[in-house]
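Each value in this text was obtained by applying a stated rule to the coordinates, not by laboratory testing. Note that the structure is a prediction, hence the values are computed from the model and not measured. Note: ideal-geometry Cβ built from the backbone for every residue, glycine included; neighbour counts use all protein chains shown.
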Ligand code: DX5
Ligand code: ZN
């Protein structure tokens, strides 16, 4: 098991995105997490396809695009073509989730399903075999800088066990309120990708904050088995 850090640029200075991405890459970020919000599914509006096009040109690590929009089917092709390596869609807005997940895969991206804090893990039962990752929201989506909802640990465990029962090694990603104080216990619950915005970018040194977050997260990994 490994931990990947996905730096959420929602918390970065949009006038200096290139510098922000460079800093977290120096700090060892594995992914750049891009939050797309439409003002309908969530109360906020953020960024869209042209920003992905621009950051794809300069980012050295893959782009993890999180679509918080009511009609993701209309946009997945554009995000995939512009270079999103991972695209996640919310279960809450998709009556034909199976079709959407396979459409993302057919476009050559990894397909993730996101569930909000009030969405039951059971809603993933019939899609668990198909997903490349599951994103557990540990805050209600729409804004950075919110507090981690403690029940999310239990949810991560439930999703991990659901994926294991489906014999799917897909990682669990956690998004919202992740910092160096709770990262270890979220990883101990079974998360392998941690999204972090404020705890990385709202610090004087985002590269160092990325390193510290990874170190804290790795505390939650199972201790290596000793071989004789
Ligand atoms: C929230 C977004 C998150 C957000 C996380 O709706 O999906 O990715 O940027 O920000 P922090 O880490 O500040 O909670
Ligand atoms: Zn996100």
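Taking the criterion of being in a strand (DSSP E or B) and crowded, with 17+ Cβ neighbours inside 10 Å, would at least one residue in the range 90-97 satisfy it? Yes, some residue in the range 90-97 is in a strand (DSSP E or B) and crowded, with 17+ Cβ neighbours inside 10 Å. When restricted to residues that are crowded, with 17+ Cβ neighbours inside 10 Å and in contact with a helix residue (DSSP H, G or I) (Cβ under 8 Å, 6 or more places away or on another chain), the range 159-170 contains 3.
The residue that is farthest from ligand 1 (Cβ to nearest atom), among those in the range 186-200 that are in a helix (DSSP H, G or I) and within 21 Å of residue 114 (Cβ to Cβ), is 187. Looking at the range 178-204, which of its residues are in contact (Cβ under 8 Å) with a residue 12 or more places away in the chain and out of contact with any strand residue (DSSP E or B) (no Cβ under 8 Å at 6 or more places or on another chain)? Correct list: 180, 181, 182, 184, 185, 188, 189, 198, 199, 202. No other residue among 85, 109 is within 13 Å of residue 66 (Cα to Cα) and in contact with a helix residue (DSSP H, G or I) (Cβ under 6 Å, 6 or more places away or on another chain) apart from 109. The residues in the range 180-228 that are in contact with a helix residue (DSSP H, G or I) (Cβ under 8 Å, 6 or more places away or on another chain) and within 15 Å of ligand 2 (Cβ to nearest atom) can be counted, and the count is 9. When 136, 121, 156 are checked against the criterion of being without any contact (Cβ under 8 Å) to a residue 40 or more places away in the chain and at negative phi, 156 stands alone in meeting it. For the range 168-176, the criterion of a residue being on the phi > 0 side of the Ramachandran plot, part of a loop (DSSP other than H, G, I, E, B) and more than 16 Å from ligand 2 (Cβ to nearest atom) is satisfied by no position. For the range 110-149, taking the residues that are under 14 Å from the mean Cα position of the chain (by Cα) and more than 13 Å from ligand 2 (Cβ to nearest atom), the one that is surrounded by the most Cβ atoms within 10 Å (Cβ to Cβ) is identified as 134.
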